[in-house]
């Protein structure tokens, strides 16, 4: 990872052995040096991230804060309410092969 920190490209992400967990190289920002972070981003069947950008965690302290939030039952309750009230996503219909009628 030291080589990745030193020679990687800004915002480059590298997959890890845990699906959905990536190491992300963050660029210099407001006086902070280049650094590594973890990105949590669900993956599809091929192992590709399903979102353009996932949740970025910069330290073990930040991870502990996220864990505390995610374990709060009120969050689960809120999301169940949102699921119930929000319209269901439309399923994308795969276009069938184009058939030329003769």
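Count of the range 5-27 residues, restricted to those that are assigned to a loop (DSSP other than H, G, I, E, B) and over 14 Å from the mean Cα position of the chain (by Cα), is 5.
Of everything in the range 49-92, what is without any contact (Cβ under 8 Å) to a residue 12 or more places away in the chain, assigned to a loop (DSSP other than H, G, I, E, B) and surrounded by 10 or more Cβ atoms within 10 Å (Cβ to Cβ)? Give them in sequence order. Correct list: 50, 51, 59, 72. Only one entry of 38, 43 meets the criterion of being modelled with pLDDT of 95 or more and either surrounded by 14 or more Cβ atoms within 10 Å (Cβ to Cβ) or touching a strand residue (DSSP E or B) at 6+ places or on another chain (Cβ under 9 Å) (or both), and that entry is 38.
The values are calculated or read from the model by the stated rules, or taken from the named source; none is laboratory data. Not measured: the values here are computed from a predicted model. No Cβ is skipped: glycine too gets one built from the backbone with ideal geometry, and neighbour counts run over all protein chains shown.
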